[in-house]
1. Which of the residues that make up the stretch B:9-22 are open to solvent by less than 60 Å² (accessible area, probe 1.4 Å) and either in contact with a Ser or Thr (Cβ under 7 Å, 6 or more places away or on another chain) or without any contact (Cβ under 8 Å) to a residue 40 or more places away in the chain (or both)?
2. Report yes if B:Gln257 is assigned to a helix (DSSP H, G or I), over 15 Å from B:Val31 (Cα atoms) and not charged (D, E, K, R), otherwise no.
3. So for the stretch A:5-22 (the condition being touching a Leu at 6+ places or on another chain (Cβ under 7 Å), more than 22 Å from A:Ile150 (Cβ to Cβ) and surrounded by 11 or more Cβ atoms within 10 Å (Cβ to Cβ)), does at least one residue qualify?
4. Can you list the strands (runs of 3 or more DSSP E) found entirely within the stretch B:1-68 that contain at least 3 residues being closer than 27 Å to A:Pro52 by Cα?
5. Hand me the list of helices (runs of 4 or more DSSP H) wholly inside the stretch A:81-141 holding 1 or more residues that are under 23 Å from the mean Cα position of the chain (by Cα).
6. Would you mind stating whether A:Ser169 is in a helix (DSSP H, G or I), open to solvent by less than 30 Å² (accessible area, probe 1.4 Å), touching a Leu at 6+ places or on another chain (Cβ under 9 Å) and not acidic (Asp, Glu)?
7. Residues that are at pLDDT below 95, open to solvent by less than 10 Å² (accessible area, probe 1.4 Å) and either of a type in the set (A, V, I, L, M) or touching a Lys or Arg at 6+ places or on another chain (Cβ under 8 Å) (or both): does the stretch B:163-172 have at least one?
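The values are calculated or read from the model by the stated rules, or taken from the named source; none is laboratory data. Bear in mind that the values here come from a model prediction, so they are computed numbers and not experimental data. Here the Cβ is made from the backbone with ideal geometry for all residues, glycine too, and neighbour counts use every protein chain on show. Remember, those area values only see protein heavy atoms, side chains included, never the ligands or the DNA or RNA. Shrake-Rupley method; radii C 1.70, N 1.55, O 1.52, S 1.80 Å.
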Amino acid sequence: MNFFEGVSTLFSSEKYMDLLIEGFKNTFIISMAATVFGLILGTIVALINLAPNSPLMWVPKAISKVYITVIRGTPMALQLFIMIFVVFAIRGFPPVVTAIIAFGINSGAYVAENIRAGILSVDIGQTEAGRALGLSNGTTMMKIVIPQAIKNVIPAIGNEVIALIKETSIVGMISITDLTQSAKIIGAGNNMASYLIPMSVAALFYLAIVYALTLVIKVIERRLRASDKR
Amino acid sequence: MINVKNVTKNFQSVQVLKGVSCTIKKGERVVILGPSGSGKSTLLRCMNLLETPNSGEIWIGDDLITSMDPALHPDLIDKKAGKSAVRRVAKAYEAEHKTDINLARRQMGMVFQHFNLFNNLTVLQNMTLAPIQLKLKTKEEAEKTAMELLERIDLLDKINVYPSTLSGGQKQRVAIVRALAMNPKVMLFDEPTSALDPEMVGEVLDLIKQLADEGMTMVIVTHEMGFAREVASRVLFMDGGKIMEQGTPEEVFDHPQCPRLQEFLSKVI
């Protein structure tokens, strides 16, 4: 059986295709939901970190600093295990949801740092000019600083999302059939008994997702840069 | 109008202002001169609290904008009173006199060395953002005022462009009229021409002179000696975080008293 015959066998077998599509679906759902979750969480954490020091903000600031340090300092697989075997060790709790939460929390820590860097990259003079006109700190942020920061943040966020999609390939460890896991099942001895073909096909799927995403990011970037020079 | 009382300001371990007091009256045009690092920009930035003084008080009209400085009110505070008693007195005093800084800033226009136009907004939006956001004017009123001001500086054709396409002189003139769109009672200029090409300095100084002739109260930090002499009603000379000498332009430029000022003038003129 040569490579191309193998590929056609894979695509014509209903059993293999169902597995592959289920895997693709899980990978897609987990990475997209975790991205949204991570963006929301990361934005909140970044804004807490950048808020002016006050007695009221002390606790939230401390929590968000610990959160970023711990999440960035420990391996993703470990965080996933802790989530499924400790935090959500509830009978019948869907593992896909656990994975979404685990990846969302992980991504949030990186996104928070990206957003913080983006906001800090906007010249302090912009904030000063806004405040000098009598605008509040919040209005200055929303109307002047954040619109400029988004442009600087998009490439880094794009990177983070791409990394997240590929990192979801470890969910096989907690028995979720994602793209990688489905390729592994198809390649096992009682099925095709060859890993080369299903793994290559899975790789193509990943590539397709990431490439599509890259194009989307480029379009967004170009739109945002349109106001730079005119 | 502006009353600065014994203000000090430290940046980490460096004391930039060492107890500065000055009063700026309505209609005055005060120019602050001094070598680099003398604290003149810091003093100007303290006046609208872009820098918070470490001690001393600043009053805008009848409103206190900084914290109360107990050292300036010996009559209110019992010498033997403990710290908590002092804090209680300060709190009561601030409740009576202190104003929201955002309200105080509306009355003060600030012009920066690096223009600081909002890069994500067009010239028109730059000028109307604050009046509209602060609900001082409706969108139509704000746009009408903005157009009148732009017409005055002859940049009406640039109304819908982004700041990145303007020249330095144009940017600074837009920055000045952006501040004017708030109808300020006093204008603060922080080295308005230092970042400009020599060719463009004139157009910006002309606009400031026009404002001066109209009777606008202004405080200007500048290195343009000729301009200072022409426009100022009073000149302050600062060095080492203190006001060393002040007086009319004739007094300061023609008959300088303190040796540091004589040395400074001999180098720059």
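1. The answer is B:Lys9, B:Val16, B:Leu17, B:Gly19.
2. No, not satisfied.
3. As a first pass, look at the stretch A:5-22 and keep what is touching a Leu at 6+ places or on another chain (Cβ under 7 Å): A:16.
Still in the running and more than 22 Å from A:Ile150 (Cβ to Cβ): A:16.
In the following step, the residues that additionally are surrounded by 11 or more Cβ atoms within 10 Å (Cβ to Cβ) were identified as A:16.
Yes, because at least one residue in the stretch A:5-22 is touching a Leu at 6+ places or on another chain (Cβ under 7 Å), more than 22 Å from A:Ile150 (Cβ to Cβ) and surrounded by 11 or more Cβ atoms within 10 Å (Cβ to Cβ).
4. Here the list reads B:2-11, B:14-24, B:55-60.
5. Where helices (runs of 4 or more DSSP H) fall fully within the stretch A:81-141 and carry at least 1 residues being under 23 Å from the mean Cα position of the chain (by Cα), they are A:95-120.
6. no
7. Yes, the stretch B:163-172 has at least one match.
Residue-by-condition table, conditions (1) in contact with a Lys or Arg (Cβ under 7 Å, 6 or more places away or on another chain); (2) closer than 23 Å to B:Phe112 by Cα:
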site: B:Ser194; (1), (2): no, yes
site: B:Glu199; (1), (2): no, yes
site: B:Thr248; (1), (2): yes, no
site: B:Asp254; (1), (2): no, no
